[in-house]
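Student: For reference, the structure I am asking about is given below.
The values are calculated or read from the model by the stated rules, or taken from the named source; none is laboratory data. All values derive from a computational prediction rather than experimental measurement. Here Cβ is always computed from backbone atoms with ideal geometry, including for glycine, and neighbour counts include all displayed protein chains.
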Amino acid sequence: MSKRFLSVILFLALLPFLLIPAPAEASWGAAKLLELRNQEPAAPPTETPPAPVPEDPADITPAPPAGSIADKILELRRQKTNPPVVPPETEQPLPEDPTVPDPVPPGNTDPRILHYDAQLLINLVNTERQANGLKPLAYLEPLGRAAIDKSLDMLENNYFSHISPTYGSFAQMVYNRGIPFRSVGENLAMARNTEHAHRLLMTSELHRKNILNPNFNRVGVGIVQSPYGVIVTELFIMQ
């Protein structure tokens, strides 16, 4: 009885020490927990995409809008406001003194041919030349007839070019009519009226050079009425 009692008391006294984990076991558990945590995959770093470079508005070319009837109407209005002027073509002339211009003959009676406008344009051309210290151009009737035919040809065949489907180049046209020349040039314009055509030609450097070429001494002008204004041909030669 006393031995059993002593055994129970001894067991109870040693029980707390039996339940407390040994330091080695506690250290092993902590080390295992740290190892498991270290084995967890690290979250991949988040990549921040580079900020887009802003486009320069000046470098952006907008796509042309789809063609529509309204677009075509606006384009026709712009063409009427700023009609085209074909770049002139000129052969290099030799210097010679021009003569005083002759009056424009009445020509034929085709109502599309604007003879008085042709005379007006010749006066405007010679005024520009005299203001720049140059001699006036003399009107040459065969050259004027060629210029009229060129303007009528552009009206009837619906084109605007130095090359005619009927007469070829302006140099060929003048040559085929038996007009002698050593140099030839041509100005073309479409405008709402003759004065506007002259202003367009004078503001174009190449056309202005033809008008103020000191080597030209003869001129022929053909102006015809079109549904949108006037079609102008100026032919210059040196004889």
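Student: Show the residue pairs meeting these rules: Cβ distance below 8 Å; 6+ apart or different chains; first residue within segment 136-165 and within 19 Å of N215 (Cα to Cα) and surrounded by fewer than 21 Cβ atoms within 10 Å (Cβ to Cβ); second residue of a type in the set (D, E, K, R) and modelled with pLDDT of 95 or more.
Tutor: P136/R129; A138/R218
Student: Filter segment 170-196 down to the residues that are more than 21 Å from A118 (Cα to Cα) and touching a residue at least 40 places away in the same chain (Cβ under 8 Å) and list them by number.
Tutor: First pass over segment 170-196, keeping only residues more than 21 Å from A118 (Cα to Cα): 172, 175-176, 178, 180-183.
Once the filter is applied, which keeps residues that are more than 21 Å from A118 (Cα to Cα) and touching a residue at least 40 places away in the same chain (Cβ under 8 Å), segment 170-196 yields P180, F181, R182, S183.
The rows are residues; the columns are (1) of a type in the set (V, I, T); (2) closer than 14 Å to S151 by Cα; (3) buried (at least 16 other Cβ atoms within 10 Å of the Cβ).
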residue	(1), (2), (3)
E195	no, no, no
P214	no, no, yes
Q225	no, yes, yes
I237	yes, no, yes
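Student: Among the helices (runs of 4 or more DSSP H) confined wholly to segment 122-239, which include 1 or more residues that are more than 24 Å from T109 (Cα to Cα)? Full working, then the answer.
Tutor: Working: elements: 141-157, 170-176, 194-203, 205-211.
Fully inside segment 122-239 and qualifying: 170-176, 194-203, 205-211.
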